[in-house]
Amino acid sequence: MIGTGLIGTSIALAMRERGAEVVLADRDAAALAMAVELGAGTALPADGPVDEPADVAVLAVPPAAVAVTLLDAQKRGLAAVYTDVASVKALPLRQARELGCELGTFVPGHPLAGRERSGPAAARADLFLGRSWALCPPPETEPEAVEAVTALARACGAEPVTVGAEEHDRAVALVSHAPHVVSAAVAARLTGADDMALGLAGQGLRDVTRIAAGDPKLWIGILTGNAQPVADVLEAVATDLAVAASLLRDGSERAAAHVADLLLRGNAGCSRIPGKHGGDPSAYAVVQVVIPDRPGELAMIFQAAGVAGVNIEDVRIEHSPGRPLGVLEISVKPEAARRLAEELRSRGWSVPGLA
């Protein structure tokens, strides 16, 4: 494992749980020491050769560093197969070709998982469970190398998806990279907000700005590495927003109808986002429960769901500003909603609706 940040250390922890031997390397001595302390593996000597090449070397480095790291690792003979985890694929692959890297043993990869926090301290062995893991092997890549990296992804609990590098970059620009910039743009408006306005913030604002808390240094590397596809998406979003702003200033009923069209297209787009296991997110009913903010409350609600024989598909909490309570929204299959509501009411919780 070359790189002991969030993704690299999470992969190492996942493989350690499965009994694999993991050797770690990182230019950041503090990050490496933390990963070792967490039990992610043992440290690779900075300049010493390995006794035996690893089955797979994972390059958990920024997009711009993938090619040079790959070339160095291959020269040192660190592994039989190499993969990376950068969220941009076309640029590192192009640079690897230009540097003369051996592409037969290289499988560009990208696990679609992450957190707002970064570094080894934020790593989790279960980070990839049920997540897609894109594999973008070029024509030169040997089938055995693809099989080895596919096995690695599955061992971490992910679902491997084979896709071309260019197609991958256009896709993540739409579903990940551009949304991060949009979230940051909204969050940036808050820097000049007064305390009264911030005191009125609800769950909607938190949902929109959650990913804006990501590490700027990490994200500037991602955005510049995938600049053109991200710019294309941002320009389209900017056009929609500029038109909406102009129409709202117009203030006429005709203008409002055009803004409503954007909102309806937003509804349509949101409905296409896959839910649990890739299913339809609209297939669930939502049971709302008013809960006090005290230890153990969520655990008791989950226990009640188990007693009622109801599987919880998803949960979210909306806190009430200034009050020691909130509303828990529990997504369940429609046929189970009334059963869960009755069980919760029988235990003293307030469950609005579903009479």
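Since every read-out is calculated from the coordinates, none of them should be taken as a lab result. Bear in mind the structure is a predicted one, so any value in this text is a computation, not a measurement. Every residue, glycine among them, receives a Cβ derived from its backbone with ideal geometry; neighbour counts consider all protein chains shown.
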Report task. Would you mind ranking Lys217, Lys89 by Cβ crowding within 10 Å, fewest neighbours first? Result -> Lys217, Lys89
Query - Inter-label distance for Glu21 and Glu329, nm, one decimal - labels placed 7 Å from Cα along Cα-to-Cβ - result: 5.0 nm
Requested in this report: Taking 7 Å along the Cα-to-C-beta vector as the label spot, tell me the Lys217-Asp28 distance in nanometres, rounded to one decimal.
Outcome: 0.6 nm
Query raised in the report: What are the aspartates and glutamates whose alpha-carbon lies under 20 Å from the alpha-carbon of Lys217, with same-chain residues fewer than 8 places away excluded?
Result: Asp26, Asp28, Asp84, Glu116, Asp169
Report task. Using only Cα atoms, tell me the angle between helix 6-17 and the longest principal axis of the chain; keep it within 0 to 90° and round to the nearest 10. Result -> 80 degrees
Requested in this report: Only Cα pairs under 8 Å and at least 6 apart count here; give the relative contact order of region 114-203 as a rounded whole percent.
Outcome: 27 percent
**Report entry** Degrees between helix 66-76 axis and first principal axis of the chain (Cα, 0 to 90, nearest 10)
**Finding:** 30 degrees
**Report entry** Solution diffusion estimate, µm²/s, Stokes-Einstein, the chain, Kirkwood Rh from C-alpha pairs, 25 °C, viscosity 0.890 mPa s
**Finding:** 106 µm²/s
Requested in this report: Rounded to whole Å and sorted largest first, list the principal axis extents of the Cα atoms in region 1-119.
Outcome: 38, 36, 26
Requested in this report: Let me have the relative contact order for the chain, percent, based on Cα pairs under 8 Å that are six or more residues apart.
Outcome: 12 percent
Requested in this report: Taking the chain as the reference, fit the longest principal axis to its C-alpha atoms, fit the long axis of helix 90-99 to the helix C-alpha atoms, and give the angle between the two in degrees, 0 to 90, nearest 10.
Outcome: 10 degrees
Query raised in the report: So, how do all the Cα-to-Cα distances of region 281-346 break down into 5 Å bins, in percent, from 0 on up?
Result: 4, 18, 30, 25, 15, 7, 2, 0
Report summary line: A correct fewest-to-most ranking of Ile301, Ile330 by other Cβ atoms within 10 Å would be Ile301, Ile330
Query raised in the report: Between Ala193 and Asp126, 0.36 nm times their residue separation minus their Cα-Cα distance comes to what?
Result: 20.4 nm
